[in-house]
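K.L.:
Pasting in a structure now, in structure tokens, and then I'll have a few things to ask.
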Amino acid sequence: MTMATATPPRRVRLSGALPALTGLGTLVAFFVILEILIRSGGLNRFIVPPPSEIIASFPRIIVEEQVLSRFVMTLTECLTAGVMLTVFGVAGGVLMHRFKLLQQACETWVAALASAPVVLCYPLFLVIYGRNAWTIIMMGFVSALPPVILKTLEGISGTRKVLVNVGRSFNLTPTQQFWKILFPAALPTIFVGIRLGLIFALINVVGVEFLINFGGLGQLINELAERYDLAGTYAAICFVVLVSVMFFMVLEKAERWLTRAE
Amino acid sequence: MTAPSPNAANADILVVDDVVVRFETQEGPVTAVDHVSFGVRQGEFLSVIGPSGCGKSTLFNVIGGLIGHTSGVVSVGGETIDSPHKSIGMVFQEESTFPWRSVTDNVAFPLELIGMPKAQRIERARHFIALVGLDGFENRYPNELSGGMRQRVSLARTLASEPKILLMDEPFAALDEQTRLLLGDKVLQIQQQLKQTTLLITHNITEAVQMSDRILVMTYRPGKVKRIVDIDLPRPRTSEIVGSEAFGRYVAQIWADLREEASRGMRDEEEHTLHHTGGAS
Ligand SMILES: Nc1ncnc2c1ncn2[C@@H]1O[C@H](COP(=O)(O)OP(=O)(O)OP(=O)(O)O)[C@@H](O)[C@H]1O
Ligand SMILES: [Mg+2]
């Protein structure tokens, strides 16, 4: 019995470590091949710097370009946008579910907005908020809002009929029906929406930083690229990737906590 | 069962009176339940049996107050039903556990609603979990259980709310024969102990005869009452009764009724298909 219960977690952990190691291995292999190609002259080193140079440039951009504080800045902007996204996106989806008129009126254009290049509106935000972090945050927020709204709506409307009926048969009030049935049933889908939203937000935050030459990693990338410091540019991009990795780790924790908690 | 006294109707806790349910579909109106009338007495175990698609679940939903009916009256203890009634507990035909709650939290759900303190409701929930034979699975989640086990969780959840009237729509359909019989025994025990009024919807004749005081046989399309059969078998009944001769007679009688309806149903559907393919070509 103890054997039987002890075995599955171990197998799960092993199968969890193996793909991660393989993934890391492929990445390393990719960089090694890249390095060889560049050194042998197969690739132009003025277009793609060799990975070894990128790694070598890390200390430089950390010391000289304050990459860490920029990283924190971009991360903070993304987190702020992410929190706003979650609050307003989920609330928007819930409202649209609650008021059918609102849903019929807005669903189509919210969906249209989801695929529109909202980032092109950045001059408007620049005028409203000035050249500061709020322009960047609002841009990330607005462009990532539609998927969160739509996924929330989809999750709530997609709650299985029989679960709603169970709630009704227990005489739940509309508030209880929402918090005890619709919302938990929709939670997995809502998380898909938030994840999508965060991707949008990150892209837009870094993009706008780049465009308005202000703030965190986006600006740094802009500057380094202009200085033609390719190794530094790629090193800075690595930090952008790090932001997204940290994001998804936090999100995964939150999801596990929310969907497994009582 | 004693013969119905002249004022038996007064003792009926649940009354279904001349109920009609008609659905508007693209192919025109479909009458799912057609002028169905019957009463369920306090403490009685009544089964509704009929071929697939005859309107059993529709009737179940109407009595549960989940869907409206076209005409007629459904009442519980004299109160007309047009929304879910407090004293009715429902077990659904489809999988209806909450996937985000553990077995214990699923079963404790109705107790949580009445504000029972946590420690107490967990203890209550364990009692009902044990009753449906799921001890040891208290902390599992529904996706870790088999279909039959999930169905038992739903049953335990409804039992935990201790409804005056228990309404079940084919709750054992996903179970294998042995589990079905054993669980049937349990439900019967509980029902007898609490003298709980129970309405069971099923298409399993053995199950119906084993458990019921009366069986209502429905016709296929439109769903009418074909016959109400009194089951005069001694109680307490266990699954052992299944082998007896009297039991066999009841089964044969109901089977004869049902076969007629089922074959009519099959014929109907075949004609429907033929008609349609004929029309399309
Ligand atoms: N919402 C609906 N709209 C249109 N027709 C419906 C609807 N619900 C049920 N029906 C029709 O009513 C009839 C009865 O359906 P019902 O689900 O009550 O059957 P059932 O007796 O429970 O069958 P089963 O034993 O297979 O569960 C069927 O012909 C079905 O097509
Ligand atoms: Mg049914």
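K.L.:
Which order do B:Asp169, B:Asp17 take when ranked by solvent-accessible area (1.4 Å probe, heavy atoms of all protein chains), largest first?
P.N.:
Working: B:Asp169 5, B:Asp17 80 Å².
I get B:Asp17, B:Asp169, largest accessible area first.
K.L.:
Show A:Ile149, A:Ile36, A:Ile181 ordered by accessible area, largest first, where the area counts protein heavy atoms only and the probe is 1.4 Å.
P.N.:
Values: A:Ile149 20, A:Ile36 105, A:Ile181 0 Å².
Final ranking, largest accessible area leading: A:Ile36, A:Ile149, A:Ile181.
K.L.:
Give me the percent of Cα-Cα pairs in the range A:57-261 that sit more than 23 Å apart, rounded to a whole number.
P.N.:
On the way: 10701 of 20910 pairs.
So the pairs more than 23 Å apart make up 51 percent of the total in the range A:57-261.
K.L.:
What does the helix-only formula give at 222 nm for chain A: each DSSP H stretch with n ≥ 4 adding -39500 (n - 2.57), the total divided by the residues, and the result rounded to the nearest 500 deg cm²/dmol? Before the final figure, lay out each step's value.
P.N.:
Numbers: 10 runs with 213 residues, N = 262.
So the calculated ellipticity at 222 nm is -28000 deg cm²/dmol.
K.L.:
Next question. Which of the trypsin sites (Lys or Arg not before Pro) found in the range B:161-238 are loop residues per DSSP with 12 or fewer other Cβ atoms within 10 Å of their Cβ? Write down the numbers at each step before the final one.
P.N.:
Numbers: sites: B:Lys164, B:Arg180, B:Lys186, B:Lys195, B:Arg214, B:Lys224, B:Lys226, B:Arg227, B:Arg237; in loops: B:Lys164, B:Lys195, B:Lys224, B:Arg237.
Hits after loop and neighbour filter: B:Lys195.
K.L.:
Right, something else. How much area per residue is accessible in chain A when the probe is 1.4 Å and only protein heavy atoms are counted (Å²)?
P.N.:
Working: 14560 Å² over 262 residues.
Ligands and nucleic acids excluded, the result is 56 Å² per residue.
K.L.:
Right, here's the next one. Tell me, what is the Rg over Rh of chain B, with Rh the Kirkwood radius over Cα pairs?
P.N.:
On the way: Rg = 19.5 Å, Rh = 19.9 Å.
Rounded to two decimals, Rg/Rh equals 0.98.
K.L.:
While we're on this one: Any idea how many Lys pairs in chain B come in under 20 angstrom at the alpha carbon, given 8 or more places apart or on separate chains?
P.N.:
On the way: B:Lys56/B:Lys224; B:Lys56/B:Lys226; B:Lys86/B:Lys164; B:Lys86/B:Lys195; B:Lys164/B:Lys186; B:Lys164/B:Lys195; B:Lys186/B:Lys195.
Close lysine pairs found across chain B: 7.
K.L.:
Accessible area, 1.4 Å probe, largest first: how do A:Met139, B:Met266 sort? If you can, show how the numbers build up before the last one.
P.N.:
Working: A:Met139 0, B:Met266 120 Å².
Result of the area sort, largest leading: B:Met266, A:Met139.
K.L.:
With label points built 7 Å along Cα→Cβ from the Cα atoms of A:Thr26 and B:Glu138, find their separation and express it in nm.
P.N.:
4.5 nm
K.L.:
May I pose another question? Summing Lys, Arg as +1 and Asp, Glu as -1, what charge do residues with Cβ under 14 Å from the Cβ of A:Leu220 carry, A:Leu220 excluded? Don't jump to the answer; show the numbers that get you there.
P.N.:
Values: positive: A:Arg60, A:Arg70, A:Arg227; negative: A:Glu64, A:Glu65, A:Glu77, A:Glu209, A:Glu223, A:Glu226, A:Asp229.
Residues near A:Leu220 contribute -4 overall.
K.L.:
Of all the accessible heavy-atom surface of the range B:11-59, with the other protein chains kept in place and a 1.4 Å probe, what percent is carbon and sulfur? Numbers along the way, then the final one.
P.N.:
Details: 890 of 1880 Å².
Carbon and sulfur atoms account for 47 percent of the accessible area of the range B:11-59.
K.L.:
Same structure again: Relative to the isolated chain, which residues of the range A:169-204 have their accessible area cut by 30 Å² or more in the presence of all protein chains (1.4 Å probe, heavy atoms, no ligands or nucleic acids)?
P.N.:
Buried by the other chains: A:Ser169, A:Phe170, A:Asn171, A:Lys180, A:Pro184.
K.L.:
Then there is this: Using a 1.4 Å probe on protein heavy atoms only, how many Å² of accessible area do B and A hide from each other, summed over both chains and rounded to 100? Can you show the working numbers first?
P.N.:
Working: alone 13830 and 15610 Å², together 27420 Å².
Approximately 2000 Å² gets buried when B meets A.
K.L.:
A further question on this structure: Modelled label-to-label distance, A:Ala225 and B:His35, 7 Å Cα→beta-carbon offset: nm?
P.N.:
About 8.0 nm separates the two model spin labels.
K.L.:
Moving on to the next point. Where Lys and Arg each count +1 and Asp and Glu each count -1, what net charge lies around A:Val164 among other residues with Cβ under 13 Å from its Cβ? List each step's numbers first, then the result.
P.N.:
Details: positive: A:Arg160, A:Lys161, A:Arg168, A:Lys180; negative: B:Glu94.
The answer is +3.
K.L.:
Could you work out the Kirkwood radius for the protein assembly as shown, taking every pair of different alpha carbons, averaging 1/r and inverting it, reported in Å? Please report the intermediate quantities before stating the final value.
P.N.:
Values: mean 1/r = 0.0352 Å⁻¹.
When all Cα pairs of the protein assembly as shown are included, the Kirkwood radius is 28.4 Å.
K.L.:
Report the calculated FRET efficiency for B:Gln253 and B:Glu24 (r = Cβ-Cβ distance, R0 = 30 Å), to the nearest 0.05. Write down the numbers at each step before the final one.
P.N.:
On the way: r = 37 Å, r/R0 = 1.23.
Rounded to the nearest 0.05, the efficiency is 0.25.
K.L.:
Please work out how much length the chain gains when fully extended from A:Ser52 to A:Val83, using 0.36 nm per residue of separation minus the C-alpha to C-alpha distance, in nm with one decimal.
P.N.:
The span from A:Ser52 to A:Val83 would gain 7.4 nm if fully extended.
K.L.:
Considering only DSSP beta bridges whose two residues both sit in the protein assembly as shown, what percent are antiparallel, to the nearest 5? Kindly include the intermediate steps, with their values, before the conclusion.
P.N.:
On the way: 22 of 41 bridges.
In the protein assembly as shown, DSSP labels about 55 percent of beta bridges as antiparallel.
K.L.:
Sticking with this structure for a sec: Can you tell me the alpha carbon radius of gyration of the range B:24-100 divided by the globular rule-of-thumb value 2.2 N^0.38 Å? Kindly include the intermediate steps, with their values, before the conclusion.
P.N.:
On the way: Rg = 14.0 Å, N = 77, 2.2 N^0.38 = 11.5 Å.
Scaled against compact globular proteins, the figure is 1.22.
K.L.:
Also, quick follow-up: Quote the FRET efficiency, to the nearest 0.05, computed for B:Lys118 versus A:Val63 with a Förster distance R0 of 45 Å and r equal to the Cβ-Cβ distance. Walk me through the numbers on the way to the answer.
P.N.:
Working: r = 55 Å, r/R0 = 1.22.
Efficiency, rounded to the nearest 0.05: 0.25.
K.L.:
Give me the percent of the accessible area of chain A that comes from carbon and sulfur atoms, probe 1.4 Å, all protein chains in place. Provide the component values of the computation, followed by the final result.
P.N.:
Numbers: 10640 of 14560 Å².
So the carbon and sulfur contribution to the accessible surface is 73 percent.
The values are calculated or read from the model by the stated rules, or taken from the named source; none is laboratory data. Keep in mind that this is a model prediction, so the values were computed, not measured. Heads up, the Cβs are rebuilt from the backbone with ideal geometry, glycines too, and the neighbour counts pull from every protein chain shown. Please note that ligands, DNA and RNA were not included when accessible areas were found on the heavy atoms of the full protein model with its side chains. Shrake-Rupley method; radii C 1.70, N 1.55, O 1.52, S 1.80 Å.
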